[in-house]
Each structure stands twice: as structure tokens, then as C-alpha cells.
Amino acid sequence: MPKFAANLSMMFKEVDFLDRFERAANAGFKAVEFLFPYEYDKAKLAELLEKYGLEQALFNTASGDVTKGEWGLTAVPGREKEAREMINQAFEYALVLKCPRVHVMAGVVPEGEDRGAYRQTFIENVRYAADLFKPHNIDVVIEALSPPVKPNYLFKSQYQSLALVKDIDRENVGVQYDFFHAQLVDGNITNFLKDHIDQIKHIQIASVPDRHEPNQGEIDYPWLFNLLDELGYKGWVGCEYNPEGNTEAGLSWFKPYR
């Protein structure tokens, strides 16, 4: 049976962020993930995880200035110092939260810029992160983002993710495979899982096309959850979806997996 982590950036928005840990635990989740922890004290977050018996499954490196269209700086030429400061910051949080993996965000490539330069900058900075994290058994994951969600992100296809992982060439670097983004860009989810399960270190789910609960839309999630069991996937499945209404009211899909 897959292990599910509640995404506290998107679920349980009925209450303030720090109160969502309790809501997730009461709903039956054993782990949580979220986008960014950096506005909160590390020790406070660790205290909440311990209090409610939760594991921290994943979080991201910082986004940069979203008001300027930034969504990660790890791939941006000339911003290497800032990118590595963000990686160092994520490392400090990962140690305190006992988080075994961090999503290193690449960034947006403005129109007319040299994508090859951005790609090479990303590779070098992710190698830095991987080498920093490895002695502490922390994995780095990278995620392709679909154009409808994040136009001009460095990479949109899961096959681009695989190529980057190969070129980064660090054993603690793998794919963060979000079924929502994958279905919008590549499709072929079943065969991708069968062919590349060993490169996948984290999975996220949401309905397609509306990014709601996974018992809606065009993806047959119960079938895919069974496939993950058959393939021996042992990682977390992050529930990165926007509840259609009240979060708890929409958790009927989760009851068989509690």
C-alpha cells in the first residue's frame, strides 16, 4: 500500500499553516510535505512533527522573488551565489526536520535566453547540493513542471528530468514524478513507471485536468497505486492537490489507504 503525505501548502487551508499538522495527523496521514518552510522557525516545525507523530517527506528550496516571475534560482546564470545560499538554507532545515529529500527548484528561462547555459548552471548547482546532502543521507529531487502551471520553466518533460539526472551523475539525485504534470505533458504514466521506477525518489498526485482530489478526472489512481505496489515503490506519495471544497470532506478517496 502506498504511503501518502499531506501537502500542507495546498490542503487544510481552512486553518492557519501551523495548525495543519494536527489536521493532517487527525485525518490519518503519517507524513507531510509543503512548498517552503522558511518563514517559520525550524525548531517549531520540528516540534509539531514530533507532537503529531509525522515525518517530513519533502520541501523545496526557496523560490526567489515570485513578484518578478522567479521560481527557483538554481539554473540562473550569474545567480550561483544566491542559489547556493538557498541550497545551504534548505540543508539546515532538512537536518532539523529530519527530512530525507529536498526538491531543488530550477527556475524560469526568459524568452530569448540561452537554455543551454541555464541547463549547465542547474547541473553544476545540483551537484553542489547533492555533494552537500550525501553525507547526511539526504536525496535531491528535480521536477519537470508543465507549461500551463509554470511557463518557460527550465524543463517540462519527465524525459528531460531523466536526462538531467543522468548528466548530474550523483547517486542521491533522482526524479520527483508528479502525475499531474506528467499527464499534461507526456502521458504514458504506466510505461514510464515501469521503465524508470528506480530513478523516481518522490511521487505527487492530483486529478487531471483540475488538480483536485485524485478520485476525479482522467487518471485511474487506484490502478496506479496498485502498480506502485507491484513495482516495489517504497517512497512517499505527496498529495499536492487543491481540495475542491473542505479538505476533510474530500478525503473519501483516502479511507482505504489510512
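Summary table below
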item	result
Base-10 log of normalised Debye intensity for the stretch 56-121 (one unit scatterer per alpha-carbon) at q = 0.11, 0.25 Å⁻¹	-0.27, -1.04
GNM result for the chain, Cα springs below 10 Å: residue of 89, 158, 199 fluctuating most strongly	89
Over 26 Å between alpha carbons, listed pairs 166/255; 51/150; 44/234; 134/166	166/255; 51/150; 44/234
The stretch 94-152: Rg to Rh, with Rh as the Kirkwood radius over Cα pairs	1.05
Residue-averaged [θ]222 nm for the chain, counting only DSSP H segments that reach four residues, each worth -39500 (n - 2.57)	-11000 deg cm²/dmol
Cα principal axis extents for the stretch 176-257, largest first, Å	36, 27, 19
Qualifying GluC sites (Glu not before Pro) in the stretch 79-142, DSSP loop, other Cβ atoms within 10 Å at most 14	111, 113
Around residue 38: net Lys/Arg minus Asp/Glu count, Cβ-Cβ under 14 Å	-4
Selection from 66, 93, 243, by position along the positive dipole direction of the chain (Cβ)	93
Accessible area of the chain belonging to carbon and sulfur atoms, whole % at 1.4 Å probe	46
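The values are calculated or read from the model by the stated rules, or taken from the named source; none is laboratory data. Predicted model, so just to flag it, every value in this text is computed and none were measured. Virtual Cβ from ideal backbone geometry, glycine too; neighbours counted across all protein chains shown. Note: areas computed on protein heavy atoms with side chains; ligands, DNA, RNA excluded. Shrake-Rupley method; radii C 1.70, N 1.55, O 1.52, S 1.80 Å.
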